[in-house]
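The values are calculated or read from the model by the stated rules, or taken from the named source; none is laboratory data. All values derive from a computational prediction rather than experimental measurement. A quick note on method: Cβ atoms are made from the backbone with ideal geometry, for glycine too, and the neighbour counts reach across all protein chains shown.
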Amino acid sequence: MIVALLNQQGGVGKTTLALHLAGVWACQGRRVAVIDADPDACAVEWSELRAQETLPSRFTVIAIARDTLHRELAAVARDVDRAIVDGPSHIEPITRSALMAADFVLVLVQPPPFQGLAFVETLRLANGMMTVRPQLRIRLVLNRCSVRARVTRDPTQALAGYDPRALTSSITELHGLCQRNGKRPARLRDAVQRGCHPRDYRARRRSRKDRAMTNSDPEHTNDLTQVELLWLKKRIENWMRFGRIAEEKIINSNRRVVSFPPGSIFAFVRWASNDYGTVASRIDILRAVGLGERYSTVSYVRPGAEILLRLAGWPKVEKVLHAIDAVEALGIDPADAAPEHWRHVHNRLSVSEAPRRYTQTRHQAWLYRRRVTL
Ligand SMILES: Nc1ncnc2c1ncn2[C@@H]1O[C@H](COP(=O)(O)OP(=O)(O)O)[C@@H](O)[C@H]1O
Ligand SMILES: [Mg+2]
């Protein structure tokens, strides 16, 4: 059976519920696969973190964030009892594709005023699909209901104007999804084991010391940016495509940490697979920040970095690798290329357009600008 969790809006709890449903069904002895149909790949990231912490995997997570999902799902669903699609936000072709394959659709809704009403659009798509697939079952799930809210007491009335009215379930707001006895888990391992959303864990960690997204982490003893490279052959392979490493620390045969000085640019490739083949591939081109500079959090990078390029999915990752090869073919170390070039490559590939080639003239202009601004 294929169950799709959908709502064109992000942040309504699709990933959270997909992983929890998968966990419950897997514990009941069912063979389960979660299909991460969101290019954000949060479910994949969660499963990577579990593997990294050597926690057992009770179900498999596969990234298929493309509009050919309906065709690819059939093969996955054949091997499992439950295939759970964690739907994307704001990507209608993938939502449609999920609807073409699903047996059961759960549209997640947050309590009134129903935040942005994006779910109405999702319901419209789902109801439209029922004209060609009458066997499709659609249900609404109210998520994050406060116990005192009127909708929790009388949800059917609140949803009376929508089709279908049938409400499968309402889930209460769990205060601190990643807390136990009111405490944040001390270690990432505990958080991931408990099903805590990786994003929540990181956010809580950061806010605790009020790091305000600037590089002033007191646990970070120098101004180097550290990247953890994990290599579990044929499962998780993280590697540097370019960048001038200032320090390297071998932790064990699978793990090493490489460091970069502030201002340096490096490319970090992550690839993960399981029995079904590649589940995720992504590339980040990052600029290491100095103390006090703003940064974004990036998995495996401590404390974080300025993101110049961030793309997922093998076709895009491959194009970025070609763009890096093209810079090297000019005899230029990609770590020295203008940061704007990587931003440009990111912007163009994000909308499936070909990026401009880097040229010697551009490079000379960048070197000159760098000299006069430093
Ligand atoms: N029932 C709930 N109670 C409390 N927090 C929740 C609940 N469901 C989801 N969340 C939180 O809401 C946020 C968004 O959830 P997520 O599953 O990523 O949404 P989506 O996949 O729709 O973008 C996460 O921080 C998650 O922990
Ligand atoms: Mg999600």
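Could you say whether any residue in the stretch 43-61 is of a type in the set (D, E, K, R), in contact with a helix residue (DSSP H, G or I) (Cβ under 9 Å, 6 or more places away or on another chain) and within 14 Å of ligand 2 (Cβ to nearest atom)?
Yes, there is a match, as at least one residue in the stretch 43-61 is of a type in the set (D, E, K, R), in contact with a helix residue (DSSP H, G or I) (Cβ under 9 Å, 6 or more places away or on another chain) and within 14 Å of ligand 2 (Cβ to nearest atom).
For the stretch 1-27, name all the residues that are within 11 Å of ligand 2 (Cβ to nearest atom), at pLDDT 90 or above and among the aliphatic types (A, V, I, L, M).
Answer for the stretch 1-27, where residues must be within 11 Å of ligand 2 (Cβ to nearest atom), at pLDDT 90 or above and among the aliphatic types (A, V, I, L, M): Leu5, Leu6, Leu17, Ala18, Leu19.
Tell me which residues, restricted to the stretch 78-100, are more than 21 Å from the chain's Cα centre (by Cα), surrounded by fewer than 19 Cβ atoms within 10 Å (Cβ to Cβ) and part of a helix (DSSP H, G or I).
Arg78, Asp79, Met100
Given the residues Arg71, Arg30, which is the only one that is more than 16 Å from ligand 1 (Cβ to nearest atom), assigned to a loop (DSSP other than H, G, I, E, B) and at pLDDT 85 or above?
None of the other options fit; the residue is Arg30.
Please state which of the following conditions Phe119 fails to meet, knowing it meets all the rest: (1) assigned to a loop (DSSP other than H, G, I, E, B); (2) buried (at least 16 other Cβ atoms within 10 Å of the Cβ); (3) modelled with pLDDT under 90.
(1)
Condition test on Leu19, is it touching a residue at least 60 places away in the same chain (Cβ under 8 Å), within 14 Å of ligand 1 (Cβ to nearest atom) and in a helix (DSSP H, G or I)?
yes
How many residues are at pLDDT 50 or above and among the hydroxyl-bearing types (Ser, Thr, Tyr) when one looks only at the stretch 196-247?
2
Tell me which of these Ser47 doesn't satisfy, since it passes every other one: (1) modelled with pLDDT of 90 or more; (2) assigned to a helix (DSSP H, G or I).
So the condition that Ser47 fails would be (1).
Among the residues of the stretch 62-74, what is the count of those that are of a type in the set (A, V, I, L, M) and under 23 Å from Ile236 (Cβ atoms)?
4
From Ala41, Ala37, which residue is closer than 25 Å to Asn127 by Cβ and not assigned by TED's automatic domain parsing to the domain that holds Gly313?
Only one candidate qualifies: Ala37.
Name the helices (runs of 4 or more DSSP H) wholly inside the stretch 261-374 in which the number of residues that are under 21 Å from the mean Cα position of the chain (by Cα) and within 29 Å of Val44 (Cα to Cα) is 1 or more.
Here the list reads 314-329, 339-350.
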